[in-house]
Structure formats: structure tokens, C-alpha cells
Amino acid sequence: MTQPPSLPSITVVPSCPRQRGLSSMISQTQNKPIDLNLVDQVCEHIPAWTWPQVKEQLVDAIVTEMPTHVIEKLTGDPVNDEGALNVLDEYYKPDERNKDLIVDAFKILGKEQTAYLLDSLQLDKIQQPTNQEDHE
């Protein structure tokens, strides 16, 4: 029986996620180039009204992968996962950061895990809201 691949190790790069994006704070020790065409394809296939669910799922997965020293850098407390979630929720809240979220997820989680998480959301089955109130 083969063992599943190990998670990539991550290191802290001095930075602030509000200025340069999370991937500049957390990076894989082996910096593999990200296929930006694939990122664009992923973004194009995510319906606009499903981004809140996408952001929730990916931010949660990113925080789960964070070492405690990165959580401490974000929140001042090494075990404040909830605080880290809040910081990243706010950071990725603007729609113009949607692509950044996918890039960061590819770098931190890997493209296969990111694709799996997105697939598990069954975005094609989420109904488009009929008015703005439903979208919030």
C-alpha cells in the first residue's frame, strides 16, 4: 500500500497579508511555479454568487494548514485560529482578491487539494439568488 503524499512544509516570510497577500507570508520551501492560466480557468468556472462559499471553504483550509507561529503573526496569539479566520476573511472579502485567493490556495494547499475542495462544494448545484438580499 502506498502512503499519501506528505503535506508541503511551509515557512514564514516576513510580510503582512494585508499588503502582499498571504502567500508572501507563508510559502512552500520548494517554490513551484503556479500555472496562472489554470488559476484563470478555475476563477472563470466559479459562479459569481458562489464566491462567499468558496472563500469560506478555502480560508478555513488555509488556516488549518497554518503553523502556530503564522497564526501568532496574524493575531498575536499562536492558538487563535478564529482570529486568523477573521483576518483572512477580511483580507479576501473584496471581489478583486478572488484570484489572489485561488493563487494562495494553490501555493499553500496545492492545486489538487484546492480542486478537491472546490469540487466538494458542488458549485454547479448552488442556485443563483433571485435578488440582492439572498446574495448577502
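Explain nothing, just the number: relative contact order of the stretch 28-98, from Cα pairs under 8 Å at least 6 residues apart, as a whole percent.
Relative contact order, the stretch 28-98: 24 percent.
Note on Lys99/Lys125: beta-carbon distance plugged into 1/(1 + (r/R0)^6) with R0 of 22 Å gives a FRET efficiency of 0.40. Residue-wise HN-Hα couplings along the stretch 94-100, as the Karplus relation 6.51 cos²θ - 1.76 cosθ + 1.60 with θ = phi - 60° gives them from phi, are x, 4, 5, 9, 4, 5, 4 Hz; Gly and Pro carry x.
3J(HN,Hα) couplings calculated from phi for the stretch 32-44 with the Karplus curve 6.51 cos²θ - 1.76 cosθ + 1.60 (θ = phi - 60°) are, in sequence order, 7, x, 8, 6, 5, 5, 5, 4, 4, 5, 4, 4, 5 Hz; Gly and Pro show x. Summing charges over neighbours of Gly110, with a neighbour being any other residue whose Cβ is under 11 Å away from its Cβ, gives +1 when K and R count +1 and D and E count -1. When peptides 74-82, 102-110 are sorted by average Cβ neighbour count within 10 Å, with the highest value leading, the order is 102-110, 74-82. Shape class for the stretch 35-125, computed from the alpha carbon gyration tensor (a ≥ b ≥ c): prolate, with a/c not under 1.5 and a/b above b/c.
When +1 charges are put on Lys and Arg Cβ atoms and -1 charges on Asp and Glu Cβ atoms, the dipole computed for the stretch 70-136 relative to its Cα centre reaches about 340 debye.
Taking the Cβ of Lys32 as the center, what net charge do the other residues with Cβ under 10 Å away carry, scoring Lys and Arg +1 and Asp and Glu -1? Walk me through the numbers on the way to the answer.
On the way: positive: Lys107, Lys111; negative: Asp35.
In short, +1.
Each reported figure results from applying straightforward, stated rules to the coordinates on display, with no laboratory input. Keep in mind that this is a model prediction, so the values were computed, not measured. With ideal geometry, Cβ positions are generated from the backbone for all residues, glycine too; neighbour counts draw on all protein chains shown.
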